[in-house]
Structure formats: structure tokens, C-alpha cells
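Take a look at the structure below.
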Amino acid sequence: MNYQELIESCYAFIKGIEPVGKVASYIPELSKTDPNMFGVHLLTTSNENFYLGYNEIDFSVQSIVKVLALTYALEIEQENVWKRVNMEPSGNPFNSVVQLEYECGVPRNPFINAGAIVICDILYSHLNNPAKDFLKFVKKLCQNNNISYNAKIAKSEKKHGYRNYALANFMKSFGNIKNDIDEVMDFYFLICSLELSCKDLANSFILFANSGKLLSGERIISKSKSKRINAIMQTCGFYDEAGLFSYRVGLPGKSGVGGGIIAVHPGLYSIAVWSPRLNDKGNSYLGLKFLEEFTTLSGASIF
Ligand code: GLU
């Protein structure tokens, strides 16, 4: 497969599409992102790299980090994690409050905000220095020591995080948040503010294409956990558009309101795309189009 040719064809394809959608503005600091940025990076399990555009520019990964947080929490608490968060698609927006009430404070899945806040609470209970330890974990996955949180973005989100605080308070009332809400939320906003490039993302998600191992051969999680996390990405990775992403792209993946999308073809590759304009469901408009074209042209499918 000539992946470089493929990504160039997909880029030519999306260049012909009218770029609609808006950069996320509910976190004011994020709205400063240039809407026309574009990057892609593909890493194969045989350690070949293919890229185009701004693949090494850092951007705010936002919800994509939730996959790495879940991975860490599963290593710590194993299957006990599922006593506090479910593994079902929500069919609701990422910040929806409504489901939590009739499901008694147990979020639908770890990738909507409520679920990720519970995961942060679990990590907060176990890690000595949550911010530092989590960053160290991600540095190891992406094999890059020069990554960091963006304190300005975290602060900006905290200032406007009314809904996320509502979710946390609601869950606390059901006993599903164990730590101090402000401390957990500061940790949540901080990890969402993590900045990675498409290259870093492809590196840090290659373990899900490689049965739980880094390309160095170092095992991070078991093969079974890797399969299971892929299953959750497949069913819950794109807010209330997970079905559409499965239908059109057909790969496990995760998006974030920073405009990034990571997708994984188990056994073959991880691919990260960044284009900040979001569709009305909060997914990167051109990122989705690019990946749809990519899996169509490549013809390789997990189904
Ligand atoms: N930090 C963002 C929030 O809580 C993440 C949203 C996202 O990327 O889906 O609203």
C-alpha cells in the first residue's frame, strides 16, 4: 500500500470541498486557533511514517486524551472501573446532563465528559502527583519528552466550565465522585488542555494497532485490553456521531473539540488528522471527510 500517495489523494479530495464548520469557541482560548490548519500523520506497525501539512504542530487534543486516561485507569483499577462508568454509546452530546439523572449518576461511557470526569476521579485517587504522573505516562506513549499541558486553555475552560461542574456536582450527589470536585475538575481541565501534534498522536495510539505494545516491543497494556479499548472507541468515540463515523470511516477512533481525530486500524496503522473547523456534532468537518476518503481508497477494512 502506498500510504503517502493515498494521503496526498485524500488531501487533494478535501481541498475541493467547501470548508464549513466553526472552531470551538465555548472554550474562548480555543477560538484563537487558525481554522485553516491541516495536518495528518500515519504510522504503521512496521514503523513507517507518512505525513502531510502541519503534522508536527501541537494543538489542543481535548477529548482525545480521554482514551489515554481510560487506558491508565484500567491499568490501575482493572475491571472495577466499570462499576462507576458504563460502556454504552450515549447518543447524546458530549456534555449532556440529561442521561445522568435517570441513570443515577453513572455515565454512559468514559468518553463523554461525565465519564471522563469519573475516570479523572479514579486517577486522582491513585496517583501521587496526578498532573505530573499522567504527563509522564503520555510522554512514554508518544516517545516525546517535549509535550505539555496548556495552562491558558485549562484556565479558560475552567472559567467557562459551568456544564462540566454541573455534571461533576450531579455525580457527586450520587456518590460517584470521591474526591474534592474542584481538585478533580482542575485535573480534568488540565488533561484536556494537553497539546500534541498529529505525529505525537499517531505515536501514542500505535499501541492500539499493535496489540497493546509500543513499536519498541514494550508492552503497555494487554492484548485483550487493547481490543476492548478499540471496541469502546468504535462505539463511543465520536459523541452522538459514533454510528456515522463507523459507517463512513469504519475504524475505532476518537475526536476532540480541538479539531483532532485519531483512528486506528488494528494490525496496520494509527492515523491522526487535524483540522479545527467542527461540524455541528463537535467533530472535525474535514478530518472526517479525509478519513472517509482514506479508508475508501485504501480498501482495507476491519469489517
Ligand atoms: N474539555 C472539553 C470539554 O469538557 C472536551 C470536549 C471534547 O473535546 O469533546 O468540554
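The values are calculated or read from the model by the stated rules, or taken from the named source; none is laboratory data. Keep in mind that this is a model prediction, so the values were computed, not measured. Here Cβ is always computed from backbone atoms with ideal geometry, including for glycine, and neighbour counts include all displayed protein chains. With ligands, DNA and RNA removed, areas are computed over all heavy atoms of the protein, side chains included. Shrake-Rupley method; radii C 1.70, N 1.55, O 1.52, S 1.80 Å.
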Being assigned to a loop (DSSP other than H, G, I, E, B), in contact with a Ser or Thr (Cβ under 7 Å, 6 or more places away or on another chain), modelled with pLDDT under 95 and surrounded by fewer than 18 Cβ atoms within 10 Å (Cβ to Cβ), is that true of even one residue in the stretch 22-42? yes
Meets criteria (over 19 Å from the mean Cα position of the chain (by Cα), part of a loop (DSSP other than H, G, I, E, B) and either polar (S, T, N, Q) or closer than 28 Å to residue 215 by Cβ (or both)) for residue 145: yes
When the stretch 159-196 is examined, which residues are found to be part of a loop (DSSP other than H, G, I, E, B), in contact with a helix residue (DSSP H, G or I) (Cβ under 9 Å, 6 or more places away or on another chain), of a type outside the set (D, E, K, R) and away from the ligand (no atom under 11 Å from the Cβ)? 174, 176, 177, 179
Leading residue by the ranking (most open to solvent (accessible area, probe 1.4 Å)) among those in the stretch 207-232 that are among the small types (Gly, Ala, Ser) and not in a helix (DSSP H, G or I): 216
Check on residue 50, over 21 Å from residue 142 (Cα atoms), modelled with pLDDT of 95 or more and either open to solvent by 30 Å² or more (accessible area, probe 1.4 Å) or in contact with a Gly (Cβ under 7 Å, 6 or more places away or on another chain) (or both): no
Restricting the search to the stretch 56-85, which residues are open to solvent by 60 Å² or more (accessible area, probe 1.4 Å), at negative phi and more than 16 Å from the ligand (Cβ to nearest atom)? 56, 57, 75, 79, 80, 83
Name the one entry in 251, 288, 297, 244 that is touching a helix residue (DSSP H, G or I) at 6+ places or on another chain (Cβ under 9 Å) and in a loop (DSSP other than H, G, I, E, B). 251
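Conditions tested, residue by residue: (1) among the hydroxyl-bearing types (Ser, Thr, Tyr); (2) in contact (Cβ under 8 Å) with a residue 24 or more places away in the chain; (3) open to solvent by 10 Å² or more (accessible area, probe 1.4 Å).
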site	(1), (2), (3)
202	no, yes, no
205	no, yes, no
234	no, no, yes
241	no, yes, yes
255	yes, yes, no
281	no, yes, yes
295	yes, yes, yes
